[in-house]
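Everything below concerns the one structure shown next.
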């Protein structure tokens, strides 16, 4: 139980409040275990004072006195002690990287020079560990992050309620986001974390603007400019810059501007970085020696993504075969003042969908010929929109503003977000939500997104295969008509027929349920044979199977038909009708007989094909787009409609 105070005068007041609360709940304290008026003490294994949180010297002493580990258990024990004070050691993971290799599976314990160096570096760092202090009011707080969560929160509008809430809470603070200068920006963060600045060192908030490549003054700019990329040799030195300076000296250049995307070379030359690698020191000294041959030379860092001029020169050089005998003429490059390309935008006289709302917010006037109901609807709609200058915004549910766009811009947004460079080809509703998170809105965005996804060729080809059957199940007792017959004798009949016959001989076809019957005075073999020859074989051919139906056989047949009907009802409950007609465009399911190396990334359908003829029970004849008809029919369950 701790009672703390910022000032000594307030400490007695806080103690009185603590004792009153203890008395209220009838709690007692042991005076032998209480300490009052302490400005320094241990808490949860750390030393807490008015300066901040420090490491317990006993724990540091135990680590400093440890001998080099010799077994895996000792290495784990050493890393476990470091893990307790990991927050006080900057870049601990990289420092302990040689030790982590010893803990790999089936790795031999070999304590080499790298492990000993890492072990000594950690011990030397713990001789004077840093002190953790809370942010000081009135002084800037700088965070070095490997990811960009603040950029997402501060720059990108979101429709998620939790993110929008955080964004609103952060808006009251003076937060400035500065992107990393390159993919190697983590090296700067590690460097500043390992060598922190002193408390009395002023912080320079003037960050360089990476978007500006060059600013020309009123003076005459140098006549020569050199662009180089980050090409290095086997030792990692900027050999491209050295070769460029040598070529400039051969041309007797006196004033030179150097632009490059190698941070190591540029910042070492400017004196902002210092070379520590012994292999790079001679190259850096030689680079400074070459720079002394110019009357005026400047070095400017250009991000790699903006260093287009060096890439163009490298491409031209790779296209030309140069030998010693060739005479290379100077290459003249003209820099245009205007853009080298333009974006053609279709113009239309149609007004955007938000024209009436925008006009009402600007002037307060209703459209011409608007009825009373239309005016009321327009007033209700206008409450959800905000006009800033000439730009109309829609207020979302999380209080963010979504810019209203017209139909042409909406189509470009849908195409870019759905199937652009980073488009994941999501479904229509997710596509609409993604566009809203990006800060755009139009009235029919969900319908337009669903329609666009339905007509996307890749989404149709790679879509999941349809499992639902397209037609009902038709159970059959026989494989083809008039191949299986059943015969039975009914009688004797009372009263007998007018011609004196007492029996009826009946034959039923299982497939078509067709019935043939005659009356007989008596059932004899000769009469049955005459009936089969005259009424069955002569009309329908020799049957494949002929069953004489008795009671047990009839009960079995009825049971089988009832079972088929139950199966048909269960099957028909899953049916999703897909109607096809001649001229429709369809995609055909791909049956991968052999395993495909692409796995789940293999396409599910191929096509499109044109429906040529449709038969009953789901058989369809297809043809290619060029009119070539396929010989074999395809079942309807292997097809799906294609939307061009």
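Values quoted throughout were computed directly from the atomic coordinates according to the rules given, and no laboratory measurement underlies them. Owing to the predicted nature of the structure, the values given are computational and were not obtained by experimental measurement. Here the Cβ is made from the backbone with ideal geometry for all residues, glycine too, and neighbour counts use every protein chain on show.
Express in % the proportion of alpha carbon pairs of the range 441-522 at distances exceeding 18 Å.
Numbers: 2322 of 3321 pairs.
The share of Cα pairs beyond 18 Å in the range 441-522 comes to 70 percent.
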With just the Cα atoms of the range 8-125, tell me how far they stretch along each of the three principal axes, in Å, largest first. 63, 28, 22
Could you rank the peptides 62-69, 33-40, 78-85 by their average count of other C-beta atoms within 10 Å per residue, with the highest value first? 78-85, 62-69, 33-40
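How would you order 87-98, 366-377 from highest to lowest mean count of nearby Cβ atoms within 10 Å? All intermediate terms of the calculation are to be shown ahead of the outcome.
Working: 87-98: 15.8, 366-377: 10.5.
Taking the mean over residues of other Cβ atoms within 10 Å, the ranking is 87-98, 366-377.
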May I ask for the distance between the Cα centers of the range 100-131 and the range 388-461, given as a whole number of Å? 53
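With 10 angstrom as the radius, rank 487, 567 by how many other C-beta atoms surround their C-beta, starting from the fewest. Could the numbers behind the result be given before it?
On the way: 487 17, 567 12.
In order of increasing Cβ crowding within 10 Å: 567, 487.
Once the piece of chain linking residue 592 and residue 406 is laid out straight, how much longer is it, given 0.36 nm per residue of separation minus the C-alpha distance between them?
Details: separation 186, 0.36 × 186 = 66.96 nm, distance 4.43 nm.
My answer for the length gained is 62.5 nm.
Quick one: compute the contact order of the range 356-461, relative version, from alpha carbon pairs under 8 angstrom and 6+ residues apart, as a percent. Each step should come with its number before you reach the end.
Numbers: 95 pairs, mean separation 18.9, N = 106.
With pairs under 8 Å counted, the relative contact order is 18 percent.
Grab the eigenvalues of the alpha-carbon gyration tensor for the range 406-555, scale each by 5, take roots, and send me the semi-axes largest first in whole angstrom.
Over the Cα atoms of the range 406-555, the semi-axes work out to 73, 15, 12 Å.
Between residue 461 and residue 626, what FRET efficiency comes out of the Förster formula 1/(1 + (r/R0)^6) with R0 = 22 Å and r the beta carbon distance, rounded to 0.05? Don't jump to the answer; show the numbers that get you there.
Details: r = 19 Å, r/R0 = 0.87.
For R0 = 22 Å, the calculated efficiency reads 0.70.
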Consider all pairwise Cα distances in the range 484-572 and report the whole-number % of them above 18 Å. 53
Long-range share for the range 232-301, i.e. C-alpha pairs more than 17 Å apart as a percent of all pairs, stands at 37
